[in-house]
Structure formats: structure tokens, C-alpha cells
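To keep things clear, I will list the structure first and then write my remarks on it.
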Amino acid sequence: MAKYKIAWMPGDGVGNDVMEAARIVLDRMKLDAEYVPCDIGWDFWCKEGNALPDRTVKALKETTCGLFGAITSKPQSEAKEELIPELKDKGLVYFSPIVKLRQMFNLHTNMRPCKSYPGNPLNYRGTRIANPSGEDIAIDQVVFRENTEGMYGGVEFFPLPEPVYTALCANPKMKPWKDKAGLENIALSTRIVSVQGCTNICKQAFEFAKKTGRKRVTLIEKPNVLRETGGLMMRCFKDVAKGYPDIRADDANIDAICMWMFKNPQDYSVLVAENMFGDIVSDLCAGLVGGLGFAPSANLGDRYAVFEPTHGSAPKYAGQYKVNPIAMLLTAKLMLDWLKENEMATRLEAAVARVIAEGKVRTYDMGGKDSTLEVAKAIADYAS
Ligand code: IPM
Ligand code: MG
């Protein structure tokens, strides 16, 4: 019997391309694993009315962890259009299967490292971020994104049920909408956060900083406007920070940090944020280190985890083996870390770094013409 059982979820679009790349590398590294193919994604929504079929949930429960490619999500009206005729008008509601998975398995922590590997052109124009003496600036940031609550918690309404409308109207701030809209013209998405959720994500961030010798943890919020939810997160952050006197704890508003990180990316180390702000800022961090082709992520729970690159399914490139597999391979590295296969994880990251530094085998985003699988094979050669 294999040491690990890994749920294999390519999902949609280029998810398949990059998962094939991951498999080449994991097989060459001889990871002792059985891979369990699991259905997830847009096709299953269209054919079955469920992008995360029950059989997948069941299969996941019997695995050590999951590896996931990418997902296509569309707005509700388009999603309903694409259902097979037998399923139309059945009142089915689309939800993102990855967001659902994170909640269902309580994968509360989304960890997203973004590192500038030497030799990597730091943006799509191939120029590097350099200091005044022309040396590359080293960026090494890790985003801790709360993964189950907040703006992506899924508590949303349209149209607004009468009791919800009435309850909201008890607040005088509802007046403008009461006057101009009426309940049938209002949509509502909630931002629900808890002391437990906020405290947990802050603890994860500080613990990581302590374990890896990092000296700074920055909270990203907007408590000057989002007074209650942002305020709660801020209080939890400050409480947790007291337990880590050697680590500098500071905070920044989401808008300001987008400017500061673009200007001085080397100043930041560990970043912690609520679900939506973490989603936004992790794409920004990816942009600072070469784009989404270099951004891995781990959805971590207490006993289970699902690993996925930060990028989406890029439907226009699906099946063309054009996209950069490095995000996926660094994601596999995070999985190896979690499995405590430390030697393998180090070997894989070193192989990725070496291929980037040599710059001989490169996908289009790195200014090259090589395919997804060619890059994977070059990395596998060094990793095996
Ligand atoms: C991500 C993605 C997802 C998210 C989408 C595809 C639902 O943007 O993992 O960052 O918002 O979490
Ligand atoms: Mg995102």
C-alpha cells in the first residue's frame, strides 16, 4: 500500500495542464503515493447540477490530502444558462466548489507564499524590480488569508427576504435604500467574521513567523470604514501579537498596502487578512514576483489540507500546455512540506529555482516558447 492517498482534482481549464506537469515531477521524485481521481468543476455543474459531487466529498474523506488544479466560476445567470435542459428551472444554485470545499473541510488557513527567485523577470515586460544600484530586490512574502468566513462566507440574498429587509431597516443608515430602492431592488452580501476565525488566522501567521524566523507580521484591513468587522479583526490581531513580543506587528489599510507593497515590496514579510482582502492582496503579491505562474497556495485545516495554485483556469489556454507550471510545482512543494517530506520539498524548490536561474526552459510568461510539460520535465530532471 502506498504511504499517501492523494485526492487528484484537476478541475477546469489549465487545471489539467498543470496537474499533468505536477504528476511528471512527483513520479520522477518517486513520492510514495496513490492518486485518487476526483470529479470537480464546471462540467459537473452543467451535467449534474453540482460542481462538487457527493462522491468527491466522500472520496476526499478517505485521502491524506488533496491536490487541486483550477476552477471556472461564472455568475449565477450564466451558470443557469449552461445547465443541461433537464436540470434547467430546477432552482439549482451555483457555488464555487473550491470555496465550498474550504468551508466543508474547515480549511481555515490559506497560506500563499510569494518569493522572487533570482533570474525571474519580475513582470510581464521582462524588467526586474531593482534598487538604485541595479541589484534585484529580494521579495519573500507569505500571505495568510482567512479562508472560511468574511465576504466569501456565502451568506447572500437576492431578492431580499422580507424579515431580513425589516431587520436591516431598524438601522437608520438604511434610509437611502428604503427611499430609493425597496426590497425587490436590493442585493445583499454579508461580511461575517468571528473572534475565533480572526484569532485563528492571526495565530497561524505569528506562529509561522516565529517558526521561520521572520520579524514582521502586517495585518491588512480597513477598520476606519468597516468599523465592526475590521475593528474586531484588529482587536484579535493586537491580542495575538502580545504573545510574540519579538515580532514587529503592524497594520495597514487594504488600499494603502496596495500602493506600499508596489513601492517597497521588500519591506513586507508575513501578511494576514480576512478572506476577500487576502484574495486581493495575494494576487498583488503574485504580480510582484513574476505573476500568477509563480504563486502557490495551501488550504490548511487541523487534519486535512488541499493544495492549489493561486491562479485560475484560464479557459483560453486550456489544453494548450502553454501556461507556467511553476505555481503548481511550488504548490506540490507545499504539499510535501505538509506531509513532512522535507528533503523532497527542499529538492523540488531547489530544482525550480535552478530552472528559473538558468532561464533556458521558459514558458511564454517568462519570455520563452517552451511548453508546460517541457518546463516540468526540466524541473523533474534536477529534482529526481
Ligand atoms: C483564489 C480564487 C478563488 C477565490 C476563486 C476561483 C473562487 O480567486 O483562490 O484566489 O476567490 O478564492
Ligand atoms: Mg484569487
Notebook entry, point to check: Which of the residues that make up the range 271-304 are more than 12 Å from ligand 2 (Cβ to nearest atom) and touching a Phe, Trp or Tyr at 6+ places or on another chain (Cβ under 6 Å)?
Noted result: VAL272, ALA298, GLY301, TYR304
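Only residues that are open to solvent by 20 Å² or more (accessible area, probe 1.4 Å) and over 22 Å from the mean Cα position of the chain (by Cα): list them for the range 345-363, please.
Taking the range 345-363 and keeping what is open to solvent by 20 Å² or more (accessible area, probe 1.4 Å), we get 346-347, 349-350, 353-354, 357-362.
Scanning the range 345-363 gives ARG347, ALA350, ARG354, ALA357, GLU358, GLY359, LYS360, VAL361, ARG362.
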Item checked: Matching residues in the range 55-96 - criterion: being within 23 Å of PHE158 (Cα to Cα), open to solvent by less than 20 Å² (accessible area, probe 1.4 Å) and either away from ligand 1 (no atom under 16 Å from the Cβ) or in contact (Cβ under 8 Å) with a residue 60 or more places away in the chain (or both) -> LEU83
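Looking for something under 28 Å from CYS236 (Cα atoms), in a strand (DSSP E or B) and in contact (Cβ under 8 Å) with a residue 40 or more places away in the chain - is there at least one such residue anywhere in the range 197-206?
Filtering the range 197-206 for residues under 28 Å from CYS236 (Cα atoms) gives 197-206.
Now drop any that are not in a strand (DSSP E or B), which leaves none.
Scanning the range 197-206, I find no residue that is under 28 Å from CYS236 (Cα atoms), in a strand (DSSP E or B) and in contact (Cβ under 8 Å) with a residue 40 or more places away in the chain, so the answer is no.
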Next item on the list: Evaluate the following for ALA314: is it within 16 Å of ligand 2 (Cβ to nearest atom) and at positive phi?
Entry: yes
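Please state which one of PRO113, PRO118, PRO37 is closer than 20 Å to GLU349 by Cα and open to solvent by 80 Å² or more (accessible area, probe 1.4 Å).
Details: PRO113 fails: open to solvent by 80 Å² or more (accessible area, probe 1.4 Å); PRO37 fails: closer than 20 Å to GLU349 by Cα.
Result: PRO118 is the single residue among PRO113, PRO118, PRO37 that is closer than 20 Å to GLU349 by Cα and open to solvent by 80 Å² or more (accessible area, probe 1.4 Å).
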Notebook entry, point to check: How many residues does the range 75-108 contain that are within 15 Å of ligand 2 (Cβ to nearest atom) and not aliphatic (A, V, I, L, M)?
Noted result: 3
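Looking only at the range 145-166, decide whether some residue is of a type in the set (Lys, Arg), assigned to a helix (DSSP H, G or I) and either in contact (Cβ under 8 Å) with a residue 60 or more places away in the chain or open to solvent by 80 Å² or more (accessible area, probe 1.4 Å) (or both).
no
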Check: For the range 105-125, how many residues are in a loop (DSSP other than H, G, I, E, B) and within 20 Å of TYR304 (Cβ to Cβ)?
Finding: 4
Margin query: Looking only at helices (runs of 4 or more DSSP H) that lie completely in the range 1-104, which have at least 1 residues being hydroxyl-bearing (Ser, Thr, Tyr) and either closer than 23 Å to THR148 by Cβ or at pLDDT 95 or above (or both)?
Written below: 54-61
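The values are calculated or read from the model by the stated rules, or taken from the named source; none is laboratory data. Bear in mind that the values here come from a model prediction, so they are computed numbers and not experimental data. So basically every Cβ, Gly included, is an ideal-geometry build from the backbone, and we count neighbours across all protein chains shown. These area figures cover heavy atoms from the full protein model, side chains too; ligands, DNA and RNA do not enter into them. Shrake-Rupley method; radii C 1.70, N 1.55, O 1.52, S 1.80 Å.
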